[in-house]
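A.B. asks: Structure below; questions to follow.
The values are calculated or read from the model by the stated rules, or taken from the named source; none is laboratory data. What you see is a predicted model, and the numbers here were worked out from it, not measured in a lab. Cβ sites come from the backbone with ideal geometry, for glycine too, and all protein chains shown count toward neighbours. Quick note on the areas: whole protein, heavy atoms, side chains included, nothing else; ligands and nucleic acids left out. Shrake-Rupley method; radii C 1.70, N 1.55, O 1.52, S 1.80 Å.
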Amino acid sequence: MPALPRARGPMSETLIRHLRRSGELRPPGEVADPRTDDDLQLALYVAYELHYGGFVDVADELEWSPEVISFRRALEERFEQRLRRDVRVEPGPDDRPMVDQLRDVVRGGGPPTLQQHMARQATLAEFQEFALHRSAYHLKEADPFTWLIPRIAGRPKAALVEIQADEYGGGNPAWMHSRLFADLMRHLGLDPDVGPPLDALPGTTLAVVNLLSMFGLHRRLRGECAGALAVFEMTSCIPNRRYGDGMRRLGFDERATRFFDEHVEADAVHEAVAATDLAGSLAADDPSRTEAILFGAHALVATDDVASGAIVEAWRRGATSLLMASAELAASS
Ligand SMILES: [Fe+2]
Ligand SMILES: [Fe+2]
């Protein structure tokens, strides 16, 4: 189990001190852009992590501390309000099948620059950085969507459980996607056992996982959660094939690319189950939720575009996409 990260601003500082039981929680202030702010997104990630694997230096009881929950709510409100302001469901919902409307959302996303970079020219060091960014989600892959299971019923629920069963290895822990990702990290010379390198991950990267946790942990956001999962599955096959191609270009064999190869295969099925049986049936059962499903899809595409864009932009400048150089990172772990 990882330890608490270092604070990087007033929000993460007051939360981390409080979780160490060495200070009162001060209400968070305002930030220029809650969608990308390094300090806000780290504080939110830490607050959510109490509902997942937690931290070795935080008491389990603090998961439901009313002070921590109300602090988290204040962060979530800032994040969600900014998303609702910036991310538009345009064009609005129509009468076409949900899968077609979701395809439009995917098509409206930014260019696949990161995927193409990974396939064609990424170096080993860039693959390592890429895996470190992605470890914030993939080391607990599928967990944020599991919160949705008790919040829905009938056909959408059965579809979600079908997807999640695969994500969790279909009864075989060696095939759990989070385990396959940990194996990938080892092949890249990284240590998955220390958890994601939170000290090095920018707010743009943490925001993607925080968005999913927020959708998963609020029953009122169940439509948004289903839309995000559908887009997640619909944008998996081609990128994962490209990531695998990039690894093969660098000389890695099929043991190293298993995580990517498995997603090319599994998500060809998950895509249809998530878009039609989960999101489509949810909209058919309750048409008033259609807009929420599309908002969740748009919000994930927009948040992921920002995160991926920031990584490629840093590399183009010849800089690291992490907040710390990897040498510093290795020395601190
Ligand atoms: Fe997966
Ligand atoms: Fe999947």
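A.B. asks: Within 10 Å, count the other beta carbons around each residue, average over each peptide in 297-303, 52-58, 280-286, and list them highest first.
C.D. replies: Numbers: 297-303: 25.9, 52-58: 15.1, 280-286: 20.3.
Result, highest mean Cβ count within 10 Å first: 297-303, 280-286, 52-58.
A.B. asks: Mind checking which of GLN41, ALA283, GLN164 is farthest towards the positive end of the chain's charge dipole, using Cβ charges of +1 (Lys, Arg) and -1 (Asp, Glu) about the Cα centre?
C.D. replies: Sorting the options by dipole projection puts first GLN41.
A.B. asks: With +1 on each Lys and Arg Cβ and -1 on each Asp and Glu Cβ, and nothing else charged, work out how big the dipole of the chain is about its Cα centre, in Debye to the nearest 20. Can you show the working numbers first?
C.D. replies: Values: 37 positive and 51 negative charges, 69 e Å.
Dipole magnitude for the chain comes out near 340 debye.
A.B. asks: What translational D, rounded to a whole number of µm²/s, comes out for region 1-78 from Stokes-Einstein when the hydrodynamic radius is the Kirkwood one over Cα pairs, at 37 °C and 0.692 mPa s? Spell out each step's value before the answer.
C.D. replies: Values: Rh = 12.3 Å.
For the chosen part, D equals 266 µm²/s.
A.B. asks: Using a 1.4 Å probe, how large is the accessible area of ARG155, given in Å² and rounded to the nearest 10?
C.D. replies: The accessible area comes out at roughly 140 Å².
A.B. asks: What's log10 of I(q)/I(0) for the chain at q = 0.13, 0.15 Å⁻¹, Debye sum over Cα points only, no solvent?
C.D. replies: -1.00, -1.35
A.B. asks: Could you tell me the relative contact order of region 209-333? Use alpha-carbon pairs under 8 Å, at least six residues apart, and round to a whole percent. Walk me through the intermediate numbers first.
C.D. replies: On the way: 102 pairs, mean separation 40.7, N = 125.
In percent, rounded to a whole number, it is 33.
A.B. asks: Which value, in nm² and rounded to one decimal, describes the direction-averaged projected area of the C-alpha convex hull of region 1-132?
C.D. replies: Details: hull surface 45.5 nm².
Seen from a random direction, the Cα hull of region 1-132 projects 11.4 nm² on average.
A.B. asks: Shifting gears a bit: Summarise the accessible area of the chain (1.4 Å probe, protein heavy atoms) by the percent that is carbon and sulfur. Don't skip to the answer; put the middle values down first.
C.D. replies: On the way: 7320 of 14350 Å².
Answer for the chain is 51 percent, counting heavy atoms of protein chains only.
A.B. asks: Another one. Using 1/(1 + (r/R0)^6) with R0 = 25 angstrom and r between the beta carbons of GLU265 and MET1, what's the FRET efficiency to the nearest 0.05?
C.D. replies: 0.20
A.B. asks: I would also like to ask the following. Would you work out if region 244-333 is rounded, prolate or oblate? Take a ≥ b ≥ c from the square roots of the eigenvalues of the alpha-carbon gyration tensor; rounded if a/c is under 1.5, else prolate when a/b is larger than b/c, oblate otherwise.
C.D. replies: On the way: a/c = 3.05, a/b = 1.63, b/c = 1.87.
Oblate shape, in that a/c is at least 1.5 and b/c is the bigger or equal ratio.
A.B. asks: Enter the accessible area per residue of the chain (Å², integer; probe 1.4 Å; all protein chains in place).
C.D. replies: 43 Å²
A.B. asks: Can you list the HN-Hα couplings for region 247-259, worked out from phi with the Karplus curve (6.51, -1.76, 1.60; θ = phi - 60°), rounded to whole Hz and with x for Gly and Pro?
C.D. replies: Result, ordered by residue: 5, 5, 4, 7, x, 7, 9, 6, 5, 6, 9, 4, 4 Hz.
A.B. asks: Can you give the accessible area of ARG241 in Å² (nearest 10), computed on protein heavy atoms with a 1.4 Å probe?
C.D. replies: Approximately 120 Å² of ARG241 is accessible to the 1.4 Å probe.
A.B. asks: Same structure again: Rounded to the nearest Å, what's the spacing between the alpha carbon centres of region 81-136 and region 239-285? Just the number, please.
C.D. replies: 14 Å
A.B. asks: With every protein chain left in place and a probe of 1.4 Å, what is the accessible surface of SER321, to the nearest 10 Å²?
C.D. replies: Roughly 10 Å² of SER321 is accessible to a 1.4 Å probe.
A.B. asks: Taking 2.2 N^0.38 Å as the expected size of a compact globular protein, what ratio does the Cα radius of gyration of region 175-333 give against it, to two decimals? Mind dumping the intermediate values first?
C.D. replies: On the way: Rg = 17.4 Å, N = 159, 2.2 N^0.38 = 15.1 Å.
After normalising by residue count via 2.2 N^0.38 Å, the value is 1.16.
A.B. asks: Here's a follow-up. Using each residue's phi in region 307-316, evaluate 6.51 cos²θ - 1.76 cosθ + 1.60 at θ = phi - 60° and report the 3J(HN,Hα) Karplus result to the nearest Hz, with x for Gly and Pro.
C.D. replies: With the stated coefficients, region 307-316 comes to 5, 5, x, 5, 5, 5, 5, 5, 4, 4 Hz.
A.B. asks: While we're on this one: If packing is taken as the average number of other Cβ atoms within 10 Å across a peptide's residues, how do 269-278, 169-178 rank, most packed first? Display every interim value, and only then the final one.
C.D. replies: Numbers: 269-278: 22.5, 169-178: 13.3.
Packing proxy ranking, top to bottom: 269-278, 169-178.
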